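Colleague: Below is a structure I'd like to ask you about.
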Amino acid sequence: MTTDSSSNKEQLINQEIDYIKIVKILWSRWYWIAASLIICLVFAYLYLWYTPSTYSTTGTLKLDNNNNQASALLKASNAPIGTGGKSIETESFVLKSNPILLQAISQLNYRVGYFIKGRFRTKDLYPFAPFQVEILSEDSLNRYQGLVNFNKIDEQSFDYSYFRGEERILLRGRFGKVIKVPGYELRIKDSIGMDHADYCFYLHQKEDYLGRVSKGLNIKELSKGSNIISLSQIDENPVFARDVINAIMEAYIEYDSQSQKQSATQTIDFIDQQLKNMSSDLILAQNQLKQFKQNNRIIDIGSYAATKTKEYTTLQTQLLDTKVQNINLDLLEDQVKQNKNKIYLNFNIEGEISSLLRSLIEKLNTLIIDRSSKIITYKEDALPIQEIDRQITDIRSAIIRNIQSLREKQNREIALIKSEMADADQNIAAIPEQQLSFMNLQRNYDLNDKIYSLFTEKKLDAEITRSAITPSVSVVNVASLSRKVIAPQAGRVYTSAILIALIISLLVIVLVRIINPYIYDKETVESYTDLPIIGVVKKFPTKLDKSNKQVLSLEKPKSVFAESIRSVRTNLSFLAAQKKSKVICITSEIAGEGKSFMTINLASTLALIDKKVVIVAADLRKSKMHKAFEVDNDKGLSTYLAHQHEIKDILLETHVDNLAFVPSGPNPPNPSELIQSERMQSLIDYLSAHYDFVLIDTAPLGLVSDSVPLIRNSDINLFVIRSGVSRIGAATVPAKVSREYNLNNVVIVLNAFENDSLYARYYTTNYSNSYYNSYYYYADYSGYYGYGYYEDEKPSWWKLISRLKYQLKKRKESD
């Protein structure tokens, strides 16, 4: 009963994406989407309710890159070294540094923070103080770090509490009297009009605010290529944000001013130290000269002695100037070795240094600025940073070598001056003793006085220079109070909630489809096999009994189920059409896929058209078909095959006209051998001679091999796949059987189809070029409209609208 498959009968199926199906798939679980939207919107509402609002305020600073230091006032032709242009990235780090932030915080009223307790959160009251807390003493090592709760009792007393570990300490105090909190002695003063709300306060150190300020501080360049810095502070308290920004700008300007005055300040400090040391020497020399004059009654010395003394004093002055220059070189060398910031050249030696040393210092400052800008992007061990560090090290070494060369030159000058002073000293030695003593005292006094005057003059110059220095930073716009909420924004939060809900619900739908292992529609079957599907049997909406006693195709003749069975009956006429009597083997992959139920109802519909039909229960292992016909199973196919009964003993008539039934009989120990016996073939031949259709209900093909002999000898093999029960692999079984046994009579029926779009394939099958399109027709009942033809139809509201539109269209056409 097998023939070769003709090449011109290949099924040419084209499956195309159906976007309407995709919409239906998503809309099939609209209640999932609705639930996700409701849940996410509730969470968004709660988030907005519990999350405190944050505000932002902004101030702007201008960096003056051409601002000159004091040396520019003294030497207009020589630009000061180390004053190179400011980098926005570098200054951003300076603005965020702890010293600047701590200096800014110190300008605020930071010591006591006041809060009011609400039902859901605690609110900062800065700068409002509902009562005054005065800190009398503080033990910084053992201070309490936590909120102190405060409740006013009456005009004289109040309760306050704090936690010691898990224990709550509740105490009572009086306004104006000393109270104690661990590490503190406090005095609380009542404010006029203070209510009885639940307040609390926190005793702060400056460092407590660092995290809050640095977290909300944002610094950026106002526009690309400009020298304007924008500073913004985000905080839950808009007043605090405004005050912090203004305080940071003031602290930064003060820092910038002090940085630019660093060179002059170092010089003044050095001169002050020298003047302090020389003051006593000058007074001593003055007293000694005065006393010598009084004792020896000497008013003046001779012209020769005066000349020699003047020469000696001049040499001493030159020696002193040279030593001072050496000291300045020492200061510069120390700054190069230790300071990691820009090098500010002492203005006292700017005119004396070589052009090479000046260019080296300028290059060093440029590299330091470049490193500060690149450290924002790279780590310390990155190659660009290491290369800059190497260049900085080389430049520092070159500067130090240049300084050492200058120092050696100065030392040679000192040696020359000392040699000339020795010659002058010999000339002075020839002067008479009394006159010589007077001259020595006079010379010592003049020298100390000249040095003192020189340092005083230098100090005055440095002070003038320092006072003339102006900051290279100025405030463009001070921060103003802004009560515009920047976060959370209700519109954005609700929009995000809607998007999240849609994404979650869609992901759930996609995930359910991905993990689904079952077949639900004919498109799934068609995507795994090229065998024809001759029918899609609709699932009956009511519950069936376990014995499948309902012959629904007869009991509900106007049901969708009965119509789908009739479509299978119609399509069977195209198969083995030349056969007068057709042997139909009905099987499935596993139990529970509805092959017995399909057999009974298909046989019933065949009997309705005056066809003689017989059902053979050939599942000798687990058949329950006898229960559907309410007959005993003591004798049947197994006893016949075992030679215990004859055909007439096992062939039973049923309550359905033209329908006979052969029960399976008791379960034999060797079902496979019995089915392959000659008596089985004799039975089929006998039944084929007396009936139009022989329907054989076999054991599941995927579990046992009992049905293989029957399949190979049948005219039609009907493979049942049940929607929602059969796994995807079941769709490949019929094709495997067909190829293995060279069969061309295997067809498929999709049973218990339920129109659940969630599990439907997102493409449709185009049969326009298919061989089977010329022979088979059936409805797949996917989104069908019965328009009143089916008694079990329960259309939804949108189906009712479609039906109404259809009726209106028909009426319009009839008119």
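Each reported figure results from applying straightforward, stated rules to the coordinates on display, with no laboratory input. Keep in mind it's a predicted model, so treat the numbers as computed, not measured. When we count neighbours, we look across all protein chains shown, and the Cβ atoms used for this are built from the backbone with ideal geometry, even at glycine.
Colleague: Using the structure shown, list the pairs from Lys21/Lys624; Lys538/Lys627; Lys363/Lys450; Lys96/Lys152; Lys123/Lys379; Lys21/Lys611 with a Cα-Cα distance above 32 Å, or answer none.
Modeller: In this structure, Lys21/Lys624; Lys363/Lys450; Lys96/Lys152; Lys123/Lys379; Lys21/Lys611 lie more than 32 Å apart at Cα.
Colleague: Need the full-extension length gain, Lys409 to Leu46, defined as separation in residues times 0.36 nm minus the C-alpha distance. One decimal, nm.
Modeller: Contour length minus Cα-Cα distance gives 122.8 nm.
Colleague: If you project the alpha carbons of the range 135-190 onto their three principal axes, what span does each projection cover, largest first, in Å?
Modeller: 33, 26, 12
Colleague: Also, I was wondering about something else. Between Leu210 and Ile135, with labels modelled 7 Å along Cα→Cβ, what's the label distance in nm to one decimal, could you check?
Modeller: 1.6 nm
Colleague: Determine the gain in length on full extension of the stretch Val475-Lys736; use 0.36 nm per residue of separation and subtract their C-alpha separation, reporting nm with one decimal.
Modeller: 85.5 nm
Colleague: How large is ³J(HN,Hα), in whole Hz, for each residue of the range 503-518 in order, when computed from phi with the Karplus curve 6.51 cos²θ - 1.76 cosθ + 1.60 and θ = phi - 60°, using x for Gly and Pro?
Modeller: 5, 4, 5, 5, 5, 5, 4, 5, 5, 4, 5, 5, 7, 5, x, 10
Colleague: A further question follows. Taking every eigenvalue of the Cα gyration tensor of the range 98-174, multiplying by 5 and rooting it, what semi-axes result, largest first, whole Å?
Modeller: Semi-axes (√(5λ), whole Å): 24, 17, 15.
Colleague: Leaving out same-chain residues fewer than 8 places away, which aspartates and glutamates sit with a Cα under 18 Å from that of Lys206?
Modeller: Cross-link targets: Asp124, Glu134, Glu138, Asp139, Asp235, Asp243, Glu250.
Colleague: With the crude spin-label approximation of a point 7 Å out along Cα→Cβ, what separation in nm comes out for His690 versus Leu808?
Modeller: Those two pseudo-labels are separated by 6.2 nm.
Colleague: Something else: Quick one: net charge of Tyr126's neighbours, Cβ under 14 Å, K/R +1, D/E -1?
Modeller: Charge balance near Tyr126 sits at -1.
Colleague: Using the C-alpha atoms of the range 215-255, what convex hull volume per residue, in cubic angstrom, is computed?
Modeller: Once divided by residue count, the hull of the range 215-255 is 74 Å³.
Colleague: Can you order the peptides 313-319, 491-497 by their average number of other Cβ atoms within 10 Å per residue, highest first?
Modeller: 313-319, 491-497
Colleague: What is the diffusion coefficient of the range 526-679 in µm²/s, taking the Kirkwood radius over Cα pairs and the Stokes-Einstein relation at 4 °C with a viscosity of 1.567 mPa s?
Modeller: Rounded to a whole number, D works out at 78 µm²/s.
Colleague: What does the highest-first list of 623-635, 653-665, 210-222 look like by mean Cβ count within 10 Å?
Modeller: 653-665, 623-635, 210-222
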